[in-house]
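The values are calculated or read from the model by the stated rules, or taken from the named source; none is laboratory data. The model shown is predicted, which means the values in this text are computed figures rather than measured ones. All Cβ positions, even for glycine, are placed from backbone atoms using ideal geometry, and neighbour counts span all protein chains on display. Surface accessibility is based on the protein's heavy atoms, side chains included, excluding ligands, DNA and RNA. Shrake-Rupley method; radii C 1.70, N 1.55, O 1.52, S 1.80 Å.
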Amino acid sequence: QPRLQEVIFSTYGNFVIQKFIETQCCEFIVAVAAFCKGRAVTMAKDDFGCRILQNLVETQLMDEVAAIVAPHVVTLVNELNLPSDEEVHEMIIDQNANHVLQRCMTFFPQETAFVAKSVLPRFTDLAKHV
């Protein structure tokens with residue numbers, strides 16, 4: 001795991017991990033998802049970690065691995081359901097985490113209903129953050 005962490009958070013190693021995820025190697029995808037467990041929020045806010053999370057979410061497009069990987073990805077999506085609206089808003093404003101949330105909302109709308117619930121009361125403020 002220490003090596004996986006090093007590769008995930010490195011500029012070039014990150015692309016290698018993304019390519020392995022895209023090649024639909026189930027065992028590897030599950031191993032990466034297991035590594036991400038407990039780290040989803042931190043990874044979502046990281047320049048490179050966010051790309052890995054987005055690729056994991058996109059595995060739902062891969063018929064061959066979707067059923068096997070989905071439970072692992074749902075666990076990560078559920079980690080993003082933070083206890084306070086303020087924490088969710090911080091993720092919405094974060095340039096990396098925002099993309100992760102958008103991807104999660106596309107592929108896991110039921111699991112990400114918390115985003116809409118959190119946003120609606122402050123929609124105007126959050127929509128024009130700079």
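Within the range 102-119, the residues that satisfy the criterion of being open to solvent by 50 Å² or more (accessible area, probe 1.4 Å), more than 12 Å from the chain's Cα centre (by Cα) and closer than 22 Å to Thr59 by Cβ are Pro109, Gln110, Glu111, Ala113.
Would you confirm whether any residue within the range 1-23 is in contact (Cβ under 8 Å) with a residue 12 or more places away in the chain, in contact with a Ser or Thr (Cβ under 9 Å, 6 or more places away or on another chain), of a type outside the set (D, E, K, R) and on the phi > 0 side of the Ramachandran plot? Taking every residue of the range 1-23 in turn, none turns out to be in contact (Cβ under 8 Å) with a residue 12 or more places away in the chain, in contact with a Ser or Thr (Cβ under 9 Å, 6 or more places away or on another chain), of a type outside the set (D, E, K, R) and on the phi > 0 side of the Ramachandran plot. Residues in the range 99-115 include at least one that is free of Cβ contacts under 8 Å to residues at least 12 places away in the same chain, within 25 Å of Tyr12 (Cα to Cα) and of a type outside the set (Val, Ile, Thr).
Taking the range 75-96 as the range and being in contact (Cβ under 8 Å) with a residue 12 or more places away in the chain and farther than 16 Å from Val119 by Cβ as the test, the residues that pass are Thr75, Leu76, Val77, Asn78, Glu79, Asn96. Considering only residues in the range 7-19 that are in a helix (DSSP H, G or I) and closer than 23 Å to Asn98 by Cβ, the one that is farthest from the chain's Cα centre (by Cα) turns out to be Thr11.
Every condition in (1) at pLDDT 85 or above; (2) of a type in the set (Asp, Glu); (3) surrounded by fewer than 16 Cβ atoms within 10 Å (Cβ to Cβ) is met by Asp125 except one, and the failing one is (1). Taking the criterion of being among the aromatic types (Phe, Trp, Tyr), open to solvent by 60 Å² or more (accessible area, probe 1.4 Å) and in contact with a helix residue (DSSP H, G or I) (Cβ under 7 Å, 6 or more places away or on another chain), the residues of the range 2-47 that qualify are Phe9, Phe20. Looking at the range 85-97, is at least one residue modelled with pLDDT of 85 or more, open to solvent by less than 80 Å² (accessible area, probe 1.4 Å) and closer than 20 Å to Thr59 by Cα? Yes, the range 85-97 contains a residue that is modelled with pLDDT of 85 or more, open to solvent by less than 80 Å² (accessible area, probe 1.4 Å) and closer than 20 Å to Thr59 by Cα.
Among the residues of the range 70-102, how many are assigned to a helix (DSSP H, G or I) and over 16 Å from Ala33 (Cα atoms)? Let's see the steps before the verdict.
At the first step, the residues of the range 70-102 found to be assigned to a helix (DSSP H, G or I) are 70-79, 85-93, 95-102.
Subsequent filtering for residues that are over 16 Å from Ala33 (Cα atoms) retains 85-93, 95-99, 101-102.
Counting residues in the range 70-102 that are assigned to a helix (DSSP H, G or I) and over 16 Å from Ala33 (Cα atoms) gives 16.
Is there a residue in the range 54-68 that is under 10 Å from the mean Cα position of the chain (by Cα) and open to solvent by less than 10 Å² (accessible area, probe 1.4 Å)? Steps first, please.
So in the range 54-68, the residues under 10 Å from the mean Cα position of the chain (by Cα) come out as 54-58.
Going one step further and asking which of them are open to solvent by less than 10 Å² (accessible area, probe 1.4 Å), we end up with 56-57.
Yes.
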